[in-house]
Structure formats: structure tokens, C-alpha cells
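In what follows, a structure is listed as C-alpha cells, so that the remarks can point back to it.
The numbers here are math on the coordinates, done by the rules we state, and not lab data. Keep in mind that this is a model prediction, so the values were computed, not measured. Heads up, the Cβs are rebuilt from the backbone with ideal geometry, glycines too, and the neighbour counts pull from every protein chain shown.
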Amino acid sequence: MRPIKEFIGIAILLLLGFYHIFYTGANVDLTLFKTSKAIENVKLVEKERIHESYKAKKKIVNEVAAKKGTVDRASTSLHNSLVFPSTANDFISKLEYAYSKSGQDLKALQNEVEERRSKLVRSPLYGEDQSCKNNDRIAGLTKLFDAWAHMAKLFNIQYFLTYGSLIGAERDRNIIPYDLDTDIMMPEDDVPKLQKMIDDNFSVGDNKIHLRIHPEYKTHWRKRTKICCNGKVSRGPSSNTCWDQCAVPNPLGRLILGPVLHIGITGYKVIKNHTVLKMTCHEEYGFKTEYNWKDLAPRDCEFLGHKTYCPTNANLINTEVYGEYWTDPHKKCKNGIWTKTSRPQKNF
């Protein structure tokens, strides 16, 4: 039989062994717990970063842009406080009244625009022959864009040029000399800023400028009611009901002068974590409907003498709509006549 001291010694050794194992294991478990918690915290921070609000992102973008001098738009509070007199019954009279209340000199601004416009020179891309005249719509379209650009600046509308107008700006900062309309694109979220400038009941025969935004602009364009400028519902151009510029359900709206002249106003939505622009209007023509925001985010450019905005990657959207040869006009001036070229290219 072993002495009792030997048993006591063995017992002590066993206890020390169990203590050592338990103590070390506890430390390992605690370390793993701390590591796991740290990983969870990192994931949470990353999730919050990815899902930060659009307004926060937009604020950061605008702050950076402001430092670079790319943000020069007035406050929107003026629009909210405006109460137009009864005599302000069209776009120009409303615009002049709004500028008078803002303390800015609209005529002086327009004089600056016309000074820059007078220095524009037609691009040689349209041909060495410079004798071809602008078509008979250009003067009216220029007047329309003057009105739009001044209003957008005053009310902080974050638009950019698109389609043929964008091509003109990229070629020589001017309107395409044979273009038939002007086009801009703006976020649907900015439509409320236009509310007091909109006319819901007017005649295109009054030869005044009117802004019309479809009252169902938030509805998909295929489901919008066809509504004429006088407010009456249309059943289509071949019916016995009314039909005019306002009755066209796509795009979102138009700035109108007379029976045919207009600026087409296309709307877009920002989706997918506020990084993608979606334009359902493109479905009608089979164009791509979604673009990365970084490609279409507005940048400074010039058009018709105005300091305005173009998409960051103009080549991307122009190539999608008009093909890879969009920089080369589909008409060139030859012997005083605009003559179509033979290249494989959509118009413009």
C-alpha cells in the first residue's frame, strides 16, 4: 500500500493539471469571443457604410463638387414662397416675376448668355461649307432653352442635356443646326420644384411658352392618360378627340412654344442603393434603361451660351442611342444644302 503522502502528491499534481487546462481554455474561449465580436462590429460598420442614405451621399458629392466649382445653383426656398399675380399666366411672365423676387437681374444674365453665344462657331464636322442656314425651328428652340436654363438655375433643378442636345454640346457647344427639338433629363424627385411653373390649361395657339408636366408622371408612361394642353382627355391622334404636344405620354413633360416647338423633359429614378439611374422612357425605343450614376452624374458644360450640365460620360449614352459614330453628323453642308451622309448611323 502506497504512503498517504504519495496519494496527496498525485492529487495535487492532478488538480494543478486540471487548473492549467481549464485556465488556458478559458483564455482561448475569451479570445475567440473577443475576435468574433470584433468581426461582427466590422461587418456592422461596413453594412452601415454601404446602406447610408442617398441624401448623405448626395451631400458629400455636392460638397466635393462645390470645392471644384461645379455647383452653382440657387436655393429652392424661393419657389416654395412664390405667389404669382393673376397677370403671370405663362412661363415667361412667371419667370420674370420669380427673378424680380429673387433680387437677380434676369436681363443682365441673358445679356451674358448672348455675349457667349455670339462667339460660337459652327464645327467643321458639319462640312467645310459654312453657307447652310439653321432650320426654321432653331430660333424658337433657342428661346425655349433660354427660358428653361434660367428657371432651372433659379429653382435648383439638377438636369443634364441628353439626345441631340447633348451631341450638339459635345460637338461645338451649340444646337445641331437642323435639329427639331431640345432634350434634357432630370430626376423625378425634382418635379415638385416645378409645380408653380406648370400650366394645366392653355392653348398652343397663343404663341407663349408653357411648362407641362404630366399629372401622372410617377406612373409608367404606358399607363398614363393622354391629356391635351387644354386639360381634356384624348383617345389618340386618329380619334375625334383632341391631340397636341401635351397628349404625348412619353416623356415626363415638355416646355412648349406653339404647335410643334418643345424641350422634351425626360425623367429618371435613382435605384439600387442609389447608384443606378433608371429611365423607363427608353423602353419605347429599345434603348438601355439602366446606367451607373457615376456615368451620368451632371458635370459642367456649355450649350447655347449657357453654363449648363452634361452627363459625366456623354460618350456612353450617345453611343447607346446613336451608335459609335455619333460624333460625325449624319448631315453635312454641301453647296448650301444639308445633305445626308452615307455612313451607318442613326440621325444626328
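Taking Lys and Arg as +1 and Asp and Glu as -1, the other residues whose beta-carbon sits under 13 Å from that of Leu120 total +2. Look at the Cα gyration tensor of region 108-186: its axes a ≥ b ≥ c give a/c of at least 1.5 with a/b over b/c, and that counts as prolate.
Per-residue packing, averaged as other Cβ atoms within 10 Å, sorts the ranges 158-165, 122-129 into the order 158-165, 122-129, beginning with the highest.
Looking at region 109-329, the DSSP beta bridges with both ends there are about 80 percent antiparallel.
Computed from the C-beta positions of Ser100 and Lys269 and an R0 of 45 Å, the FRET efficiency is 0.85 to the nearest 0.05. A cut-off of 5 Å between modelled amide H atoms, ignoring neighbours fewer than 5 places along the same chain, links Phe202 with Asn230, Gly231. The calculated FRET efficiency for Thr341 paired with Leu316, based on their beta-carbon distance and R0 = 35 Å, is about 0.90.
Using the average count of surrounding beta-carbon atoms within 10 Å as a protection proxy, the listed peptides 137-147, 253-263, 223-233 rank, highest first, as 253-263, 137-147, 223-233. Pairs exceeding a 24 Å alpha-carbon distance, out of Lys196/Lys269; Lys269/Lys294; Lys294/Lys331; Lys101/Lys193; Lys94/Lys226: Lys294/Lys331; Lys94/Lys226. In this structure the amide hydrogen of Cys301, modeled in the peptide plane, comes within under 5 Å of the amide hydrogens of Thr308, Tyr309, Cys310, none closer than 5 places in sequence on its chain.
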